[in-house]
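The values are calculated or read from the model by the stated rules, or taken from the named source; none is laboratory data. Please read all numbers here as calculations on a predicted model, not as lab measurements. Note that each Cβ is placed from the backbone with ideal geometry, even for glycine, and that neighbours are counted across all protein chains shown. Heavy atoms of the whole protein, side chains included, go into the accessibility calculation; ligands, DNA and RNA do not. Shrake-Rupley method; radii C 1.70, N 1.55, O 1.52, S 1.80 Å.
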Amino acid sequence: MSLQRVAVPNGVEQKVGADELFFSTTDRQGRIRSGNSVFARISQFSIEELVGSPHNIVRHPEMPAGVFRLIWDRLYADRPVGTYVKNLARDGSSYWVFATVTPLGTDGYLSVRMAPRTPLFTTVQRIYEYVLDAEREAAERDGLNRREVARLGKERLEEMLRRLGFHSHDEFLAEALSGEVAARGRMASGTYARPWAEGAIAEVLSSSGALEEILASLVQRLDSYRTLSERLERASTNVLDIARRLERTVDTAQAASARVADTAPVLHNVARVMATPARTAVAELEQLGPRLRELRGYLTELRFRIALASLHNDMVAAFAAEVADGAAPASSLSEVPHLCDTMHDSVLEMSAKMQEVNRTLHDVVAEVNLASERLQDFYRFLGQWRILVVRRGAERTLADLVQPIDEEFAASWSGMDMLRDLVREFQAAIARFDVDAVEAQLTRIRSAAAASRALV
């Protein structure tokens, strides 16, 4: 059965429970294949009515088109996505969710949605109002078609996210999803715990709880990585600014030494030579910026993937809890393998990104060490130059440059000490991602879900 959207917004807003999770799967065209009891109850359509209908049956007309353009751009790139969405129920009431959508094999998508609870949600609502107004004005005044309106809305949305301080849409996704998952708390071990459950259902819940523990430890570790990465970025930017000032001061000293080259040629030669390690140190420090931005990108994707896996694990526990309560048949666990597939994909991505974090950190260490060596080389030449300034009687000509060089060098050396300490701290915090431990729990969940369905 396929329905067309018939509801008209009536201004009434439903509140989604903090522990409630929506679930649905669709084909690649967005037609619904399955849904859970929460989706049916709050949308006010039966599962039978939903299956075969386009998922936009619940799309609210007050949602900016640019939001869906961002969603589909990411899905077309075969990447999971998440964002805040206002939906429309059958009776015209609305309800807000944070929706995640994940590619499911090559022919469909899986969506898990939850109630938004973080302060970021309120901010995003205001942004959506602004973007929606811009889209409507562009359509009415400028005559833009739907595709052009969606593109404009996407650009406005990305612009507003940048104003909020997000370097990219990916950073917003990671912040929003990880924040919303954290706000839910430890749902799988709390809300979905069923101590009286037996057999295969107990096994699903036990494995889901064990997986939650692993993911929670990853979240804690990632928070420390993120903090260290941000400190590294700030420190490297500060040291680079100092090193550039040092380089400019050395250039001035070189030019001044050239004025006494006739009477003190060795002074001029040393000044010219000491400029080389200073420039090399600056060049190495300039490499740190892109490298640390790359590291930030890997950590951003890790945050998103861990939060997504945690949400999908909660959904597994929610299905099992419903069966344990007798609120759903064991056949509803047929969706669990899909969730295990998405978590498996996230695990592979997490493992790959962790390897990239380690590789990038190795490069950062090499660049910091090389910049430090070049500053040491510079300091040796600086000592020779200062002695020669005195010996060659050039104090009056060059004395004003000695103190600034000393000050900038001392600041850059202090900054390098801080960078080296931060890098060592980061290296000590890195731990191996135990893929096998996660996969073992996913295998147990799959087997137990299959065993439970076999009893039906």
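Nonpolar atom fraction for the range 1-96, defined as the carbon and sulfur part of the 1.4 Å probe accessible area, stands at 51 percent.
Relative contact order (percent) for the range 154-287, with alpha-carbon contacts under 8 angstrom and 6 or more residues of separation? Contact order relative to length: 16 percent. Annotation: lysines with alpha-carbon distance below 21 angstrom to residue 15 (same-chain offsets under eight excluded): 86.
Note on residue 230 and residue 355: the extension gain reaches 43.1 nm, defined as 0.36 nm multiplied by sequence separation minus the Cα-Cα distance. Residue 370 contributes about 60 Å² of solvent-accessible surface, heavy atoms of the protein only, 1.4 Å probe.
The residues of the range 372-442 expose, per residue, 56 Å² of accessible area to a 1.4 Å probe.
Between the helical axis of 169-184 and the longest alpha-carbon principal axis of the chain there is an angle of about 60 degrees. Solvent-accessible surface of the range 80-172, averaged per residue with a 1.4 angstrom probe and all protein chains in place: 46 square angstrom. Taking every C-alpha pair closer than 8 Å and separated by at least 6 residues, the mean separation divided by the residue count of the range 24-92 gives a relative contact order of 30 percent. Computed from backbone phi with θ = phi - 60° and the Karplus coefficients 6.51, -1.76 and 1.60, the 3J(HN,Hα) list for the range 268-278 is 5, 5, 5, 4, 5, 5, 6, 5, 5, x, 5 Hz; x is used for glycine and proline. Residue ranking by accessible heavy-atom surface, 1.4 Å probe, largest first, among 360, 122, 280 comes out as 122, 280, 360. Both numbers refer to the Cα atoms of the chain; Rg and Dmax are 29.3, 100 Å. Between the helical axis of 336-391 and the longest alpha-carbon principal axis of the chain there is an angle of about 10 degrees. For residue 152, the accessible surface of its heavy atoms amounts to roughly 30 Å² (probe 1.4 Å, protein chains only, rounded to the nearest 10).
Using just its DSSP H runs of length 4 or more, each adding -39500 (n - 2.57), the chain gives a mean residue ellipticity at 222 nm of -24500 deg cm²/dmol after division by all residues. The 3J(HN,Hα) values that the Karplus relation (6.51, -1.76, 1.60; θ = phi - 60°) gives for the range 208-220 are, in residue order, 5, x, 5, 5, 4, 4, 4, 5, 5, 5, 5, 4, 4 Hz. Gly and Pro appear as x. Against the main long axis of the alpha-carbon atoms of the chain, helix 119-141 sits at an angle near 80°.
For 184, 446, what's the largest-to-smallest order of accessible area, 1.4 Å probe?
446, 184
If DNA, RNA and ligands are ignored and the probe is 1.4 Å, what is the ranking of 164, 173 by accessible area, most exposed first?
The ordering from most to least exposed comes out as 164, 173.
Expressed as a whole percent, the accessible area of the range 180-298 that falls on carbon and sulfur atoms is 51 (1.4 Å probe).
Overall, the accessible surface of the range 305-361 at a probe of 1.4 angstrom is composed of carbon and sulfur to the extent of 51 percent. Residues whose amide H comes within less than 5 Å of that of residue 33, counting only those at least five positions distant or on another chain, are 25, 26, 27, 52 (H built at 1.01 Å from N in the peptide plane).
Take residue 207: with every protein chain present and a 1.4 Å probe, its accessible area is about 0 Å².
Got the relative contact order for the range 50-182 handy, in percent, Cα pairs under 8 Å and 6 or more residues apart?
With pairs under 8 Å counted, the relative contact order is 26 percent.
Highest mean first, the peptides 108-120, 428-440 sorted by other C-beta atoms within 10 Å per residue fall in the order 108-120, 428-440.
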